[in-house]
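Notes for the one structure printed next.
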Amino acid sequence: MATPISFIVPVADDATYNRCFKNSPLLATGGPFEVFCQRGFKSAAAAYNRGIDASRNDLLVFCHQDVMLPASWAETFGKRLEELNRTDPNWGVVGCAGQTREEQVAAHIYRHDRELRGVVPLPAKVRTLDECIIAFRRSAGLRFDEAVPGFFRYGVDICLQAEARKRHNYVLDAPCFHQGKNRASLPSLFFEEERYLIKKWKNHLPIQTLSAGQVRGNSYLIYKRLRNTGRKVLAMCGYRSEPWWWTLPKISPEELLG
């Protein structure tokens with residue numbers, strides 16, 4: 001029997017949500033799941049905390065609206081958690097992609113019709129996790145910091161909260177599909193979030209992250225802003241590069257979704 005799960009999903013675009021998460025084959029299996037679509041929130045942290053308050057299950061899974069879950073995902077995820085509970089029952093936050101302290105990629109995830117596998121065998125202990133899908137137990141007592149202003153770096157913060165409580169974060173081998181769009185550059189709010197993390201976690205720097213490099217300090221943040229401005233200028237001039245996942249091995253989404 002599948003583990004009871006509460007899925008919490010901030011929704012900013014109903015078309016994307018309906019095409020992706022709501023269309024997940026897992027949800028058609030009739031498992032012991034509850035889904036909270038969080039609309040109208042100004043930050044992911046606020047949306048997720050309200051979902052935590054409303055949910056009834058101990059296992060909480062926080063998803064982007066553009067994630068799709070295969071029919072067998074909950075069964076696979078449950079098995080991986082059982083294995084982790086035997087080796088580290090005090091685990092903190094888990095996901096399907098992250099970065100180790102040594103800046104190695106730990107991952108198993110599908111991006112459209114491609115597959116990303118990291119260099120680190122799974123399960124892997126990581127510093128931080130990619131935010132597309134993360135999970136923790138309500139009984140762990142974790143809550144998202146609503147001072148993180150937007151929808152990007154809350155996952156870094158929640159992993160560091162777990163670390164501060166002497167809990168370890170892991171990437172598990174339970175892949176999902178992340179159908180995210182490709183960004184030529186990052187929005188300005190991303191850098192405001194990083195500035196907040198630098199101030200809050202100044203005694204924990206550098207912070208290894210998968211999606212946008214290290215969080216080192218304000219000087220490095222200036223460099224990242226300038227680099228991002230350069231990307232915006234190139235995009236305005238019509239320059240288009242292939243997405244980062246373009247050279248990954250191809251897979252058959254229909255077969256893997258189930």
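When 1/r is averaged over all different Cα pairs and the result inverted, which Kirkwood radius in Å belongs to segment 1-56? Write out the running numbers ahead of the final one.
Working: mean 1/r = 0.0831 Å⁻¹.
Roughly 12.0 Å, rounded to one decimal.
May I ask you to derive the FRET efficiency for ARG195 and ALA28 from their Cβ-Cβ distance with R0 = 30 Å, giving the value to the nearest 0.05?
Given R0 = 30 Å and the Cβ-Cβ separation, E is 0.10.
Take LYS125 and ALA147, extend 7 Å from each Cα along the Cα→Cβ direction, and tell me the distance between the two endpoints in nm.
About 2.9 nm separates the two model spin labels.
How much length, in nm to one decimal, is gained on full extension between ARG138 and VAL233, taken as 0.36 nm per residue of separation minus their Cα-Cα distance?
29.8 nm
Which of these, THR76, THR247, THR128, has the largest mean-square fluctuation under a Gaussian network model of the chain (Cα springs below 10 Å)?
THR247
Dividing the convex hull volume of the Cα atoms of segment 36-155 by its residue count, what figure in Å³ per residue is obtained?
Value for segment 36-155: 126 Å³ per residue.
Work out the FRET efficiency for ASN203 and GLU254 from their Cβ-Cβ distance, taking R0 = 41 Å, and round it to the nearest 0.05. Could you put the intermediate results ahead of the total?
Values: r = 48 Å, r/R0 = 1.17.
Efficiency computed from Cβ-Cβ geometry: 0.30.
Among CYS63, THR100, LEU256, which residue has its Cα positioned farthest towards the positive end of the charge dipole of the chain, with +1 placed on the Cβ of Lys and Arg, -1 on the Cβ of Asp and Glu, and the dipole taken about the Cα centre?
Farthest along the dipole direction, towards plus: THR100.
Over segment 109-258, with a single point scatterer placed on each C-alpha, what log10 of the ratio I(q)/I(0) does the Debye formula yield at q = 0.13, 0.21 1/Å?
So the normalised log intensities work out to -0.72, -1.44.
By how many nm would the segment from ALA71 to ASN57 lengthen if fully extended, with 0.36 nm per residue of separation less the alpha-carbon distance?
Full extension of this stretch gives 3.0 nm more.
For the chain, with only Lys/Arg (+1) and Asp/Glu (-1) charged at the beta-carbon, what is the dipole magnitude about the Cα centre, in debye rounded to 20?
On the way: 36 positive and 27 negative charges, 190 e Å.
So the dipole magnitude of the chain works out to roughly 920 debye.
Calculate the spin-label point distance for ARG183 paired with TRP246, positioning each point 7 Å from the Cα along the beta-carbon direction, and give it in nanometres.
Taking the simple label geometry, TRP246 and ARG183 are separated by 1.9 nm.
Any idea what % of Cα-Cα pairs in the chain are farther than 29 Å?
Details: 8999 of 33153 pairs.
Here the long-distance tail beyond 29 Å is 27 percent of all Cα pairs in the chain.
Pull up the DSSP beta bridges for the chain and report the antiparallel fraction as a percent, rounded to 5. Spell out each step's value before the answer.
Numbers: 23 of 37 bridges.
Looking only at bridges with both residues in the chain, the antiparallel portion is about 60 percent.
Percentage of Cα-Cα pair distances in segment 188-236 greater than 12 Å, rounded to whole percent? Working shown, then result.
Working: 751 of 1176 pairs.
Percent of Cα pairs beyond 12 Å in segment 188-236: 64.
With springs connecting C-alpha atoms under 10 Å apart, model the chain as a Gaussian network and identify which of PRO32, PRO175, PRO123 has the largest mean-square fluctuation.
Evaluated over the chain, the most mobile residue of the options is PRO32.
Note down the nm distance, to one decimal, between modelled labels 7 Å out along Cα→Cβ at ARG216 and at ARG165.
Result for the modelled spin labels: 3.2 nm.
Calculate, axis by axis, the spread of Cα positions in segment 78-147 along the three principal axes, and write the results as whole Å, longest axis first.
Sorted from largest, the Cα extents of segment 78-147 read 35, 34, 26 Å.
Tell me, how many Å apart are the Cα centres for segment 137-206 and for segment 74-109?
Measuring centre to centre over Cα atoms gives 16 Å.
Read-outs throughout are calculated quantities, based only on the coordinates presented, and are distinct from any laboratory measurement. Note that this is a predicted model, so its numbers are computed, not measured. Here the Cβ is made from the backbone with ideal geometry for all residues, glycine too, and neighbour counts use every protein chain on show.
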